[in-house]
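Here's the structure, in structure tokens; my notes come after.
The values are calculated or read from the model by the stated rules, or taken from the named source; none is laboratory data. None of the values given here were measured: they were computed from a predicted structure. Glycine also receives a Cβ, built like all others from the backbone with ideal geometry; neighbour counts cover every protein chain displayed. With ligands, DNA and RNA removed, areas are computed over all heavy atoms of the protein, side chains included. Shrake-Rupley method; radii C 1.70, N 1.55, O 1.52, S 1.80 Å.
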Amino acid sequence: EELRRWIAVGTVLLFGGVNIFGVGKMGFIGGLITLVQLAILGVFVGAGVLTIVMHPGGLSNFGGPLPHGGFGVLSGMALMYIAFQGSEIVVQSSEELKDPTRNLPKAILYSFAIVVGLYIVVAIVAIGGISAATPSAEVLGRSGEGALVEAARHFLLPAGAVILTVGGALAGLQ
């Protein structure tokens, strides 16, 4: 409860600072937020990989293909569609590029490669890092939007849940 209050106060102060000092500083703040988010993902992935290596039973969490049938595939496709909604920002910045006909396709492919790579690594770690009596897919599925926080709770303990919650709050700022 106390942590939530501090996060709320920090969020209000950040937005207030942006309003006071102007949007010009937002580029620097946005870059800083992105670096912090990448560091949080790095800690999450590193701890998850370490958990999988130390407890190889986590690899049994990867069951057979299509455990939830076609509906599971459609659910995953819907999630990926939502996840890539912001990718049009790359195209919108084409006016600022030098030689956009050459550089824009590269930017799109590089950004998709980075995002897809991150999604795959985070998903593997989230699924493989949970060692519970209940299959990890069910644990994560019951957690809904807090699935990564729940995964972090398994291999980073309560501190991991707090760290990922802060990362999620930072994602909401951008």
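Each part reduced to its alpha carbon centroid, the stretch 69-119 and the stretch 155-174 end up 24 Å apart. 3J(HN,Hα) couplings calculated from phi for the stretch 102-110 with the Karplus curve 6.51 cos²θ - 1.76 cosθ + 1.60 (θ = phi - 60°) are, in sequence order, 8, 8, 5, x, 5, 4, 5, 5, 5 Hz; Gly and Pro show x. With 0.36 nm allotted per residue and the present C-alpha distance subtracted, the VAL91-ALA133 stretch has 10.5 nm of extension available.
Protein-only accessible surface at a 1.4 angstrom probe places the residues PHE44, PHE112, PHE71 in the order PHE71, PHE112, PHE44, largest first.
Heavy-atom accessible area for GLU1, with the other protein chains in place and a 1.4 Å probe, reaches approximately 140 Å². Along each principal axis, taking the top coordinate minus the bottom one, the Cα set of the stretch 43-174 gives 54, 35, 25 Å in descending order. Of SER111, SER131, the order by accessible heavy-atom surface (1.4 Å probe, DNA, RNA and ligands excluded), from most exposed downward, is SER131, SER111.
Expected output is a single nm value to one decimal: the length gained when fully extending between ALA159 and ALA107, i.e. 0.36 nm times separation in residues minus the C-alpha distance. What is it? Can you show the working numbers first?
Working: separation 52, 0.36 × 52 = 18.72 nm, distance 3.56 nm.
Between ALA159 and ALA107, full extension yields an extra 15.2 nm.
What FRET efficiency would be calculated for the residue pair MET80, THR34, taking the C-beta separation as r and a Förster radius of 30 Å, to the nearest 0.05?
Values: r = 21 Å, r/R0 = 0.70.
Computed FRET efficiency for MET80 and THR34: 0.90.
Suppose every K and R has +1 on its Cβ and every D and E has -1 on its Cβ; what is the size of the dipole of the chain about the Cα centre, in Debye to the nearest 20? Don't skip to the answer; put the middle values down first.
Working: 8 positive and 9 negative charges, 37 e Å.
Result for the chain is approximately 180 debye, rounded to the nearest 20.
Computed extension length for LEU118-PHE71: 14.5 nm, one decimal, from 0.36 nm per residue of separation with the Cα-Cα distance subtracted.
Counting heavy atoms of the protein chains alone, THR134 has an accessible area of about 50 Å² for a 1.4 Å probe. Karplus-derived 3J(HN,Hα) values for the stretch 123-138, using 6.51 cos²θ - 1.76 cosθ + 1.60 with θ = phi - 60°, are 5, 4, 5, 5, 6, x, x, 8, 10, 9, 5, 7, x, 4, 4, 6 Hz; glycine and proline are entered as x.
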